[in-house]
């Protein structure tokens, strides 16, 4: 097996950057590249469901970003320079660099907390962004999280179609927040953990930490669905919506939990909430087609799949929906390959 790819800052003047990728499920949306701004009136948080009793509660926000004793020791002993120099982004970015002492590896298999990613010296990009943010804030460095619109990648796992997008973060005050007089470019850096990513001309949409936490919980929920832990997935998706009620990928993931549990009516209700504010959300449309088909509403399901085939810009997915449309014509389709977002 080849070694895991290392993660290091790449980019353009003034500094290379480190970026994070998120994955989605059924269709799940783990980290969606879609706009995550909440609708004018976000749907209410779905209530607890006694049909799903989680084995353990989701992690708290404090636990997601908590520094381990190893991380605290690292900051106290390993970063070079004076106390003032160590509070600048450059010192931390040097440590995170491919040639730095942390030697981070990219690992898309699971979503880790800050402490877990630091202990493993590995993580998917969301995990590494969370770890970097925790280290930066401990040094008094301001953090801005960014959603990066771009191409979505797909993979299959456990009968699910996972779609993945990207996030990154900027350490220090962004350029737009600084006066032109005496501007010091070294006082801010965009950090990007996706191997080979070029930040030239990259578009970024700032997001708040509540949305980052929702992405984390949604990723964990998608991973739980893939492992068949539906009760845990239900609790994690609800926790994502508690942090960011308008975060559509988590509501989509929760609908997939209900689909997997054989409860298509509940899934339909959640998916229609997503589509009320985002009528062309392809993940929600695909899952709604499965929910309708599971209820025997074949004509409605076929109409949705035809709409998906017209909306989808990606040729492989267009082919997938065309094949699904043909199967629906024979009324032999099953709710498999559900789109998840993470």
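The values are calculated or read from the model by the stated rules, or taken from the named source; none is laboratory data. Keep in mind it's a predicted model, so treat the numbers as computed, not measured. We place every Cβ from the backbone using ideal geometry, glycine too, and count neighbours over all the protein chains shown.
The one condition from (1) modelled with pLDDT of 85 or more; (2) closer than 30 Å to residue 225 by Cβ that residue 137 does not meet is (2). State the number of residues belonging to segment 296-336 that are part of a helix (DSSP H, G or I), farther than 19 Å from residue 160 by Cα and at pLDDT below 75. Number satisfying all stated conditions: 2.
From the list 230, 271, 254, pick out the single residue that is in contact (Cβ under 8 Å) with a residue 24 or more places away in the chain and crowded, with 24+ Cβ neighbours inside 10 Å. Can you show your working first?
Working: 230 fails: crowded, with 24+ Cβ neighbours inside 10 Å; 271 fails: in contact (Cβ under 8 Å) with a residue 24 or more places away in the chain.
The unique qualifying residue is 254.
Surrounded by 11 or more Cβ atoms within 10 Å (Cβ to Cβ) and at pLDDT 90 or above: does that describe residue 85? Explain how you work it out, then say what you get.
Values: surrounded by 11 or more Cβ atoms within 10 Å (Cβ to Cβ): yes; at pLDDT 90 or above: no.
No.
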